[in-house]
Amino acid sequence: MELLKLLSANEIVAHAVSFLILLLLMRIFVWDRVFKMLDKRKEKIASDLSKIEKDKENAANIKAEYEARLRLVDVEAQKLMQAAVQEGRKITEEIRQKAREEAHEIVENARKAVQFELEKAKKELKEELVDITIKAAENLIEEKLTKEQDRRIVEDFLQKIEGIE
């Protein structure tokens, strides 16, 4: 609304006349060229469509040839497959035997690794328990002993606990 207040009636009429003149000039100079261009495009699309139809027919013929060849190849492939299956069974049995041996080795190595990790975890847990116990004891005892005395007391306590287990 504010824009209309800024424009005068003369400006609005001048813009309308300019637009109509521009529209008339476009009709005279550009309109025919645009329609000619559209007609050429329409003809090109029609020729492309007819070419596509011809290509489809050729593709159908080629497809029929390949299907016939594929049937022959299938027969030969069946013979090769039977030979490959027999060879595959032999190889499969060899692989299974080797896999059993490797699985046994893996299980044994895993047992050793688990045992090692268990010992390591026990040691880490013991050290953490010592640190936690020291912290708790610090909070309970107002007069603190030296860190070495604390550690010795807690380790003695843990050895007694391990003896109970």
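Some observations on this one:
- Shown here for segment 1-108: chymotrypsin sites (Phe, Trp or Tyr not before Pro) in loop regions (DSSP other than H, G, I, E, B) with at most 10 other Cβ atoms within 10 Å, of which there are none.
- (1) 56; (2) 48; (3) 82, with the label sought being that of the calculated percent of Cα pairs over 20 Å apart: (3)
- Most mobile listed residue (ILE106, ILE62, ILE21) in the chain, GNM with C-alpha springs under 10 Å: ILE21
- 0 to 90° range, to nearest 10: angle between helix 31-140 axis and the chain longest Cα axis: 20 degrees
- Degrees, to the nearest 10: 147-164 long Cα axis against longest axis of the chain: 80 degrees
- For segment 2-164, the Cβ-based charge dipole about the Cα centre amounts to some 1360 debye (Lys, Arg positive; Asp, Glu negative; other atoms uncharged).
- Helix 9-29 vs. the chain, principal-axis angle (Cα, 0 to 90°, nearest 10): 80 degrees
- Toward the positive end of the charge dipole of the chain, with +1 on the Cβ of Lys and Arg and -1 on the Cβ of Asp and Glu, the farthest Cα among VAL75, ALA46, ALA9 is that of ALA46.
Every number in this text was worked out from the coordinates using simple rules, so none of it is lab data. All of these numbers come straight from a predicted model, not from anything done at the bench. So basically every Cβ, Gly included, is an ideal-geometry build from the backbone, and we count neighbours across all protein chains shown.
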